[in-house]
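The values are calculated or read from the model by the stated rules, or taken from the named source; none is laboratory data. Computed from a predicted model, the values in this text were never measured in an experiment. Ideal geometry is used to build each Cβ from the backbone, glycine not excepted, and the neighbour counts take in all protein chains shown.
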Amino acid sequence: MDTVYPEWYPGRVRPAEVTRIGPDGATHTITVIVPTRNEAANVRPVLELARGHADELLVVDGHSTDGTAEIAAEYGARVILDNGRGKGAALRLGIAEARGDILVFIDADGSHDPADIPALVQPIVEGRADHVSGSRMLGGSDELHATFQQFIRLFGSQIITLSVNYTQNVRLTDCQNGFRAIRRDVARALHLTSNTTTIEQEMVIKTVRSGYRLAEVATHEYMRASGESSIKVSRVWLKYVRNWLYHLLIWRPARRTL
């Protein structure tokens, strides 16, 4: 299968490598987690550039039939197979398997630029945040404005974000972006349960409600390098609403010992 290169490749000038040494002199290790399923046409550029920022490149593959797992192995990734339950379950498996101190989640379809990984990781390395989310509202998006379905996605995402802001006294701009970094111990302490793409909003809400420090950095969302997203608003909106209301209004965080 021919590789399709996203807009950012070779793209703009690459920033400096990610900083791994914190103010206390401690060295942090980074695992970049890439969930995949039949992304052979898109995944090469993502892995090629992401591995330069990673101590461990971990691909959680959804039993691809197009050679995605074999391509990942070519780039030195550790490949594990998911349980077939969805993206959320794949990310939870990645969290359990990862060896790095800081985990970075990036999609395999070329919509995220790996050059933004240092910006996501730096606030954690410097001790200013426990979880850093990429924001399409700050960095722009090519996938949220062109069609009616994309408008519905944007509208729903902003309703969820505003509800988090006004109930938790924070000022976030994007609760749904899949591009983020988080301390491994924090990710595990959140005890995530989502099996589908609702895992992003669950991760954000639980971080805020558990008293961890959540920051945002501007990241641009590009169009998929090839193919179409399998996410249809008409099929998933009820899952998002249930997940949102449960974790915002009913779920109670565990008591933390500082």
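Just to verify a result, which residue in segment 229-258, among those that are outside any helix (DSSP H, G or I) and either in contact with a His (Cβ under 7 Å, 6 or more places away or on another chain) or basic (Lys, Arg) (or both), is modelled with the lowest pLDDT?
Step by step, filter segment 229-258, then rank; the result is LYS232.
Given ALA108, ALA72, ALA40, ALA90, which one is part of a loop (DSSP other than H, G, I, E, B), of a type in the set (A, V, I, L, M) and surrounded by 24 or more Cβ atoms within 10 Å (Cβ to Cβ)?
When all the criteria are applied, what remains is ALA108.
Suppose we keep only residues that are without any contact (Cβ under 8 Å) to a residue 40 or more places away in the chain and touching a helix residue (DSSP H, G or I) at 6+ places or on another chain (Cβ under 7 Å) within segment 60-71. Which one would you say is nearest to TYR5 (Cα to Cα)?
Step by step, filter segment 60-71, then rank; the result is ILE71.
Among the residues of segment 162-173, is any polar (S, T, N, Q), in contact (Cβ under 8 Å) with a residue 24 or more places away in the chain and outside any helix (DSSP H, G or I)?
yes
Mind telling me which of the residues THR31, THR19 ends up being at pLDDT below 95 and within 24 Å of ALA187 (Cα to Cα)?
When all the criteria are applied, what remains is THR19.
Do we find that ARG92 is in contact with a helix residue (DSSP H, G or I) (Cβ under 9 Å, 6 or more places away or on another chain) and at pLDDT 95 or above in this structure?
In short, yes.
Which residue out of ARG99, ARG78 is in contact with an Asp or Glu (Cβ under 6 Å, 6 or more places away or on another chain), surrounded by fewer than 23 Cβ atoms within 10 Å (Cβ to Cβ) and among the basic types (Lys, Arg)?
ARG99
Mind telling me which of the residues ILE124, ILE182, ILE152, ILE159 ends up being over 24 Å from LEU245 (Cα atoms) and among the aliphatic types (A, V, I, L, M)?
Testing whether each residue is over 24 Å from LEU245 (Cα atoms) and among the aliphatic types (A, V, I, L, M) leaves just ILE124.
Taking the options ASP116, ASP101, ASP109, ASP174, name whichever one is in contact with a Lys or Arg (Cβ under 8 Å, 6 or more places away or on another chain), within 21 Å of ARG20 (Cα to Cα) and of a type in the set (D, E, K, R).
Of the residues listed, the single one that is in contact with a Lys or Arg (Cβ under 8 Å, 6 or more places away or on another chain), within 21 Å of ARG20 (Cα to Cα) and of a type in the set (D, E, K, R) is ASP101.
Suppose we keep only residues that are acidic (Asp, Glu) and in a loop (DSSP other than H, G, I, E, B) within segment 43-69. Which one would you say is nearest to ALA115 (Cα to Cα)?
The extreme case among them is ASP55.
Condition test on ARG136, is it basic (Lys, Arg), in contact with an Asp or Glu (Cβ under 7 Å, 6 or more places away or on another chain) and either surrounded by fewer than 16 Cβ atoms within 10 Å (Cβ to Cβ) or at pLDDT below 95 (or both)?
yes
Hey, can you tell me all the residues within segment 161-174 that are out of contact with any strand residue (DSSP E or B) (no Cβ under 8 Å at 6 or more places or on another chain) and crowded, with 21+ Cβ neighbours inside 10 Å?
THR161, VAL164
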